[in-house]
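Below is one structure, written out as structure tokens, with a few remarks after it.
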Amino acid sequence: MQIGFVRAALVLGLLAAVGPFAIDLYLPATPQIVSDLGTDDAGAHMTFTVYFIAFGLAQLIYGPIADWMGRRPPIFVGLTVFIAGSVICAMATDISILTLGRFVQALGAAAPMVIVRAVVRDLHTGTEATRLMALVMLVISISPLLAPLTGSMIISVASWRMIFGALGLIALAAMILTALRLPETLPHDRRVPVNPAALLRSSIFLMKDFRFMGLTMIGGFALASFFVFIASAPLVYMTQYALSPTEFSLVFAVNAVGFFAASQFAAGLGQKYRMGRVAFWAVCGFALATSSLFALVWLGFDDLPVLMAMFFLGNSCLGLVIAPTMVMALEEHGEHAGMASSLGGTFQMVAGGVMILICSPFFDRTALPLVGAVAACALIAFVLAVLTLRPQPEAKAPA
């Protein structure tokens with residue numbers, strides 16, 4: 001069933017924003033949670049690691065279910081689980097219970113994210129799919145722009161526990177939005193029954209597809225750089241630079257603007273220059289910006305304006321990577337869009353969680369480890385882009 005382009009972008013974007021909102025709304029409260037629950041920075045980082053890994057693994061479940069039952073039922077199940085996780089977080093008395101609640105939240109939040117990508121593939125392909133994905137990402141941009149500010153406002157008048165109460169209400173609103181505004185986009189004749197053996201064969205087939213895996217992991221390490229930033233930035237910015245929760249939220253929003261503004265040019269540039277070429281050069285720009293920032297910070301130029309300017313530049317390049325690589329990875333797998341979407345999402349989110357786990361021992365509330373971790377993710381993405389997307393010379397016509 002077809003729905004209007006703008007309506008699809010609004011509904012899908014708001015649904016997909018539930019998961020990111022559960023991260024960004026929480027950021028300004030990180031130092032307060034560390035103090036209140038008597039934990040350390042590693043404990044706080046673990047709540048992010050667990051969230052990202054659970055978010056990724058859960059997509060392996062929702063994708064096949066969405067191919068079998070349709071797109072709408074798994075959304076309702078996922079949002080219900082998310083609400084349950086929010087309740088656990090709000091009632092947490094120590095970091096272990098909070099981590100458990102974040103795990104449950106992530107299990108639920110994965111449903112809207114994986115199904116949104118599958119719905120985009122149901123409705124459009126090629127540059128139209130990139131355009132729709134870019135619009136969806138524009139709607140998702142309300143999360144890094146507004147969620148940290150909203151979170152800082154909540155903790156200025158109430159406990160950090162109220163953040164999770166707000167997340168539960170957001171999930172409830174998303175359920176109502178789905179019921180009223182999102183029609184089923186997968187016809188019965190295109191549904192695929194859940195068959196474990198077939199799923200295993202499909203997964204192996206996808207993992208053997210070098211282009212699918214390359215595109216997936218380019219996006220994965222690009223996203224991992226952002227996840228590493230999310231996990232460490234609140235403690236760095238509010239310690240080394242002594243920012244208040246509100247000031248941090250504003251700085252975070254500025255860094256996010258470049259990403260989402262640039263993403264709106266992805267479809268047009270992809271149509272003119274080919275999506276693969278645009279994504280390749282964007283990864284090159286991202287790696288150059290983050291590597292340059294690491295060199296500057298290593299040399300002692302770690303002032304806040306330097307970080308803001310270089311992260312803005314790097315994130316602007318990143319905005320031309322995520323949507324094109326997602327679309328290209330799914331382009332040739334329309335018959336199993338749900339499985340391809342879930343498998344790709346799993347690899348991407350797990351990459352982010354593992355990078356946080358690897359880098360966490362080096363984080364010391366200063367800028368250098370943060371910048372180094374982001375640059376490392378960018379360089380891995382660059383190597384993968386060279387192997388997967390490097391522009392080939394034009395073939396010469398025979399004489």
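From helices alone, the chain scores -27000 deg cm²/dmol at 222 nm; the rule is -39500 (n - 2.57) for each run of n ≥ 4 DSSP H residues, then divide by the residue total. Any idea which of 44, 91, 21 is furthest toward the positive side of the dipole for region 1-125, if Lys and Arg beta-carbons carry +1 and Asp and Glu beta-carbons -1? Going by the charge dipole, the pick is 21. The residue among 119, 195, 234 whose Cα reaches farthest toward the positive pole of the charge dipole of region 112-242, with charges on the beta-carbon of Lys, Arg, Asp and Glu, is 195.
Working from label points 7 Å from Cα in the Cα-to-Cβ sense, the residue 36 to residue 265 distance is 4.2 nm.
I need the semi-axes of the equivalent ellipsoid of region 187-329: take the C-alpha gyration tensor, multiply each eigenvalue by 5, square-root it, list largest first in whole angstrom. Walk me through the intermediate numbers first.
Numbers: eigenvalues 244, 68, 45 Å².
They are 35, 18, 15 Å, listed largest first.
Counting only heavy atoms of the protein chains and using a 1.4 Å probe, residue 81 has close to 50 Å² of accessible surface.
Ranking request for peptides 372-382, 214-224, 91-101, 296-306: highest mean number of other beta-carbon atoms within 10 Å first, then the rest in descending order. Please report the intermediate quantities before stating the final value.
Numbers: 372-382: 23.6, 214-224: 26.3, 91-101: 16.8, 296-306: 13.3.
Descending packing order for the listed peptides: 214-224, 372-382, 91-101, 296-306.
Roughly how big is the chain's charge dipole about its Cα centre, with Cβ charges of +1 (Lys, Arg) and -1 (Asp, Glu), in debye to the nearest 20? Write down the numbers at each step before the final one.
Details: 20 positive and 19 negative charges, 207 e Å.
That gives a dipole near 1000 debye.
Out of 161, 181, 365, any idea which swings most in a Gaussian network model of the chain, alpha carbons joined below 10 Å? Maximum fluctuation in the GNM of the chain, among the listed residues, is at 181.
For the pair residue 387 and residue 184 in one chain, pulling the backbone fully straight at 0.36 nm per residue adds 69.3 nm over the alpha carbon distance.
If DNA, RNA and ligands are ignored and the probe is 1.4 Å, what is the ranking of 281, 68 by accessible area, most exposed first?
My answer, sorted largest first, is 281, 68.
The values are calculated or read from the model by the stated rules, or taken from the named source; none is laboratory data. Quantities reported herein were computed from a predicted structural model and do not represent experimental measurements. We place every Cβ from the backbone using ideal geometry, glycine too, and count neighbours over all the protein chains shown. For the accessible areas, the whole protein counts, side chains as well, though only heavy atoms, and no ligand, DNA or RNA atoms are used. Shrake-Rupley method; radii C 1.70, N 1.55, O 1.52, S 1.80 Å.
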